[in-house]
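Below is one structure, written out as structure tokens; comments come after it.
The values are calculated or read from the model by the stated rules, or taken from the named source; none is laboratory data. Computed from a predicted model, the values in this text were never measured in an experiment. Ideal geometry is used to build each Cβ from the backbone, glycine not excepted, and the neighbour counts take in all protein chains shown. Quick note on the areas: whole protein, heavy atoms, side chains included, nothing else; ligands and nucleic acids left out. Shrake-Rupley method; radii C 1.70, N 1.55, O 1.52, S 1.80 Å.
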Amino acid sequence: AAADSRAKPGSRLRVYTTFATWCPSCLKHLPMQRRLNEELAGEGVELVAVPIDEADDNKKLAAYNKEWHPPARLVNLAPAMRKDATAAFAKALGEEPPLPTTVITDGSGRFLSAQAGVPTVSALRKILARKP
């Protein structure tokens, strides 16, 4: 969250999910992310994609975006920062993070939870119910 300089003010939750342009599991989770966006964007839930592969340059990221139209806003971390991001996801998860892995923060960037994969609509609604 600290590296997310374009975070929307007023978001109730930010859902940071790792991905790599070559990752089949990440593509498999895109429909779930689309549903999250459709169901929860109006409730202040912001989806944010975090690339973690240092080889995913701007050209690869642009091609991925053009082909797959991910519903999440991209935090384009400098390749040198991606190892640190992966380490932060590992620390939050408590283990080596698979692709994709999600960290959820409140609107101020305070850590709420982490999980392998992408959360469900119901899981995020439970978190929203606890947050003002």
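In the set (1) among the hydrophobic types (A, V, I, L, M, F, W, C); (2) in contact with a Ser or Thr (Cβ under 6 Å, 6 or more places away or on another chain); (3) not in a strand (DSSP E or B), LEU124 fails one condition alone, (2).
Of all residues in region 62-83, those being farther than 17 Å from ARG14 by Cα, open to solvent by less than 80 Å² (accessible area, probe 1.4 Å) and free of Cβ contacts under 8 Å to residues at least 40 places away in the same chain number 4. Listed by position, the helices (runs of 4 or more DSSP H) enclosed by region 18-113 that each have at least 1 residues that are in contact with a strand residue (DSSP E or B) (Cβ under 6 Å, 6 or more places away or on another chain) and within 24 Å of ARG130 (Cβ to Cβ) are 24-40, 82-93. Scanning for something hydroxyl-bearing (Ser, Thr, Tyr), touching a Leu at 6+ places or on another chain (Cβ under 9 Å) and at pLDDT 90 or above, does region 79-96 turn up at least one residue? Among the residues of region 79-96, not one is hydroxyl-bearing (Ser, Thr, Tyr), touching a Leu at 6+ places or on another chain (Cβ under 9 Å) and at pLDDT 90 or above, which makes the answer no. Looking at GLU38, GLU43, just one residue is of a type in the set (Asp, Glu) and modelled with pLDDT of 95 or more, and that residue is GLU38.
Please enumerate the residues belonging to region 112-132 that are open to solvent by 40 Å² or more (accessible area, probe 1.4 Å), in contact (Cβ under 8 Å) with a residue 40 or more places away in the chain and touching a helix residue (DSSP H, G or I) at 6+ places or on another chain (Cβ under 9 Å). Break it down into steps so the answer makes sense when it comes.
We begin by selecting, within region 112-132, every residue open to solvent by 40 Å² or more (accessible area, probe 1.4 Å); these are 112, 115-116, 120, 122, 125-126, 129-132.
With in contact (Cβ under 8 Å) with a residue 40 or more places away in the chain added as a condition, the list becomes 112, 120, 125, 131.
Passing the criteria: LEU112, THR120, ARG125.
In region 39-61, the residue that is surrounded by the most Cβ atoms within 10 Å (Cβ to Cβ) out of those that are under 15 Å from SER11 (Cα atoms) and not hydrophobic (A, V, I, L, M, F, W, C) is GLU46.
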